[in-house]
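Here is the structure we will look at, set down as structure tokens.
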Amino acid sequence: MPAEQIRRLGEELAEAASPIAIPPGFESQGADASQAHVAVAILNQTLGAIGECVRFGTATGGGRVASLAEMRGLIDRMRSGAVRTLIVADTNPAFTLPRSLGFAEAMGQVASTLSLSSHFDETATLSDWILPSSHALESWGEVDFGSGRAAIAQPLMPPIFDTRQTEDVLLQVAVAAGLETGLEADFATHIREAARGRFAAAGAEESFDDWWRDLLAGGGLLDSGSSPGSGVGMEAADQPALDAGAAAISLGKAAVPEGMALIIYPTVQFYDGRGANRSWMQELQDPVTRAVWNSWVELHPETADRLGVSNGDLVAVSSETGSVTAPAFVYRGIRPDTIAIPLGQGHTAYGRNARGRGVNPLDLLAGEEDRGSGALALAGAAVDVRATGERGRLVILQGSDTDHGRKVAEILNVSAALAEMDRHEIDLTKMVEAAYDSDPNSPYRWGMTVDLNACTGCGACVTACYAENNIPTVGEVVCGQRRDMSWIKIDRYFEETADGGFQTVQQPMLCQQCGDAPCEPVCPVYATYHNPEGLNAQVYNRCVGTRYCANNCPYKVRRFNWFPYEFPYPLNLQLNPDVTVREKGVMEKCTFCVQRINRAKQEAKADGRYVRDGEFMTACQQTCPASAIVFGNLKDVGSEVSKKAHGPRGYRVLDELYTRPAITYLASVTHAEMPETGHGDDGPSDGGAEG
Ligand code: SF4
């Protein structure tokens, strides 16, 4: 980074009203990661951000994580025969430790190994005994959120299989062995009895049984925290002062390995590899590559040119400890001397959706540590990369990397966004449209806003939609034929900036519930039609599968059931009984969670009123961690969705087609100079009125 850029950043931080420096995440977990975090803490102290934007809290109940040195010590003791019994509970070190450390081989030197896992994972496969443990949602527990907040975790459902939770196994073994533990015989009773102290402290007038029942019915929250409304963490006055001595750092020139440097990063789908057996996660697209069901090697275009590879060509990556071969993904966002491989794939066990998919990049690590924390260094290993001359299969569910200037995914420069705010006037035409795109006698025109500035592309909304609407996963091959079934899809665009760089914008794309919907007039059997509340309804048992509607949809958000997808036991238990399971030959798409709309209307009707703003949410809105999605009634001018839809950043995709979408996107805002700025006043987005 040039000195001038660092100086400019320093000046911007000094001028900012609420400056904050945010430390790097997992992707920079190299040998100097702790040093980087200390540097950021010093910067925040200098900026006065500690206690304001940054609050240190008490440790949460996440538990202590063993350092790599401790794991090496355990492996050494296992190898020497000093460990007679090894119990592995709810973790999978045979997969999550670099293979070069030899954990799997060392397990062979232990006389008795026991796995307490809910999955038949790599460690379980190597164990002498497997006592399957219940899932967290089937288990009792205690949660400590820090800051005085604690809660009882209670099972959401009885165990599906013949499993026990780990604590019960240990208690029952102790009882069978005749040990005097002083604990209850089962964990649920232990949790209940342990809460008696809290009951006494609460000074409640009711009986313990009534207090306990109310506690569980209310969600199990034991304390509301020391300072309600102040957020997690200590108050500003209680923040620890930075110890300059302890914070001393040595910022040398980072050691750049010979050849290429490897970055291994956890993914939103699998984190460290857990979750890889879930087809929902496998079919969820990666936020940057938009790839599914596989691993890949991210390469800069210059590196790709040098190797003579393009997307999907197999490249071999090798180090002194191993080698992996995976398809290439060419990406401008990575340095030419660096490659990146996602973590979480490459299982040799763990279940049919995980086993044999992708590669495990940990095979390339010798086990270097972060010097400060002792954690495994995931970034910075030296590797050799070469083309194999073969093609692999990399299914990428992204049509185009750019919107070709059609203002599908808008990014505004800050000054352009401010100018929009200054000159903004509410577009009365759009308000009138909202009133007439549903039956004038209906009190509702359902609509949505999606804030592209807030959306991170995490895909939580996508999976929530799968869960809510009984959407099938179709597998890698069918995804490769572009027959994936997701009703909401995140499109990722790279947009050029004026200085030759690029900005990434993530755009959730779903049925736009058009006021003048191109899909409706082409359906020969009226299977898709406009309902009185402005929704494009879809009547499944009228659909004869001509797919004219999908052809005529400019947003490409309709999905056709090419096969009779099945939900074999126990997956049938996840089906939402309020939503039909569709059959082969039927078209489907987002309905704004019409089942939730109907339930809210029925409840409102029973109370003799209309549905109130914010009374219910769509599944995607409910799940979005960034609150990027707002849903509600566009006919209610006071609703949050109306205010956002008519705000200065609001625009509708392909508005020039006069489809009158019920979804308004809020443009993303960037500090970078964009070649074209502003929206709604020029270009194709303004052509709506001619329709
Ligand atoms: S809308 Fe929300 S949940 Fe969906 S991808 Fe964006 S940030 Fe994630």
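The values are calculated or read from the model by the stated rules, or taken from the named source; none is laboratory data. Being a predicted model, the structure only gives us computed values, none of them experimental. We place every Cβ from the backbone using ideal geometry, glycine too, and count neighbours over all the protein chains shown. In case anyone asks, the SASA skips ligands and DNA or RNA and just uses the protein heavy atoms, side chains included. Shrake-Rupley method; radii C 1.70, N 1.55, O 1.52, S 1.80 Å.
Residues of segment 537-577 with an amide N closer than 20 Å to a point placed 7 Å from the Cα of D162 along the Cα-to-Cβ direction: 569-571.
Comparing A17, S28, V83 along the charge dipole axis of segment 1-121, the residue lying farthest to the positive side is V83, per the Cβ-charge model. For the pair L9 and F563, label points projected 7 Å from Cα toward Cβ lie 4.7 nm apart.
A cut-off of 5 Å between modelled amide H atoms, ignoring neighbours fewer than 5 places along the same chain, links L412 with S668, V669, T670.
In the chain, carbon and sulfur make up what percent of the accessible area (probe 1.4 Å)? The partial results should precede the final answer.
Values: 18040 of 34120 Å².
Heavy-atom surface of the chain belonging to carbon and sulfur, 1.4 Å probe: 53 percent.
Database remark: amide H of V292 closer than 5 angstrom to the amide H of V395, L397 (H placed geometrically; neighbours at sequence offset of 5 or more, or on other chains; Pro and chain starts carry no H). Take 179-185, 339-345, 110-116, 532-538 and order them by the average number of nearby Cβ atoms within 10 Å per residue, most first; the result is 339-345, 532-538, 110-116, 179-185. Relative contact order, whole percent, for segment 503-659 stands at 18, derived from Cα pairs under 8 Å and 6 or more residues apart.
Using the Cβ of V110 as centre and a radius below 10 Å, the other residues enclosed give a net charge of +2, where K and R count +1 and D and E count -1. Please identify which residues in segment 327-360 have an amide N closer than 15 Å to a label point set 7 Å out from the Cα of R391, following the Cα→Cβ vector. Output list for this probe position: 327-328.
Starting from 0.36 nm per residue, how many nanometres of slack lie between A435 and A201 once their C-alpha separation is accounted for? All intermediate terms of the calculation are to be shown ahead of the outcome.
Numbers: separation 234, 0.36 × 234 = 84.24 nm, distance 5.58 nm.
78.7 nm is the gain from fully extending A435 to A201.
Segment 68-82 and segment 322-367 have Cα centres spaced 27 Å apart.
What ratio of Cα Rg to 2.2 N^0.38 Å holds for segment 400-475? Intermediate results must be reported in sequence, preceding the final value.
Numbers: Rg = 17.8 Å, N = 76, 2.2 N^0.38 = 11.4 Å.
Here the Cα radius of gyration is 1.56 times the empirical estimate.
A compact globular protein would have a Cα radius of gyration near 2.2 N^0.38 Å; the ratio found for the chain is 1.05.
Could you list, in their original order, any pairs among K430/K601; K589/K635; K430/K489; K407/K430; K589/K644 whose Cα atoms are separated by more than 21 Å? K430/K601; K589/K635; K430/K489; K589/K644, as the Cα separations exceed 21 Å there. In order along segment 296-313, the Karplus-derived 3J(HN,Hα) couplings, from 6.51 cos²θ - 1.76 cosθ + 1.60 at θ = phi - 60°, round to 7, 10, 7, 10, 5, x, 5, 5, 4, 4, 4, 7, x, 10, 10, 3, x, 6 Hz, and Gly and Pro are given as x.
What percent does the relative contact order of the chain come to when contacts are Cα pairs within less than 8 Å and at least six residues apart? Write down the numbers at each step before the final one.
Numbers: 1307 pairs, mean separation 87.1, N = 691.
Across the chain, relative contact order equals 13 percent.
Here the calculated FRET efficiency for N541 and A39, from their Cβ-Cβ distance with R0 = 60 Å, stands at 0.45, rounded to the nearest 0.05. Once the Cβ-Cβ distance of E496 and Y271 is raised to the sixth power relative to R0 = 22 Å, the FRET efficiency obtained is 0.10.
Can you give me the accessible area per residue for the chain, using a 1.4 Å probe, in Å²? Before the final figure, lay out the partial values.
Working: 34120 Å² over 691 residues.
For the chain, the per-residue accessible area is 49 Å².
Could you work out [θ]222 nm for the chain from helices alone, using -39500 (n - 2.57) per DSSP H run of at least four and dividing by all its residues? Round to the nearest 500 deg cm²/dmol. Provide the component values of the computation, followed by the final result.
Numbers: 20 runs with 162 residues, N = 691.
About -6500 deg cm²/dmol.
Axis angle, to the nearest 10 degrees, between helix 166-176 and the longest C-alpha principal axis of the chain: 30 degrees. The chymotrypsin sites (Phe, Trp or Tyr not before Pro) found in segment 124-165 that occupy coil by DSSP, while having at most 13 further C-beta atoms within 10 Å, are F161. Ignoring aspartates and glutamates fewer than eight residues from K605 along the same chain, the ones with Cα atoms less than 20 angstrom from its Cα are D439, E533, D578, D613, E615, D636. Taking the simple approach of a point 7 Å from Cα along Cα-to-Cβ for both D427 and R213, what is their distance in nm? Placing both labels 7 Å beyond Cα along the Cβ direction yields 5.6 nm.
Helix 33-47 and the longest principal axis of the C-alpha atoms of the chain enclose an angle of approximately 60°. When only the Cβ of Lys, Arg, Asp and Glu is charged (+1, +1, -1, -1), the dipole of the chain relative to its Cα centre reaches about 1700 debye. Using R0 = 45 Å, the C-beta based FRET efficiency linking K556 and V175 works out to 0.15.
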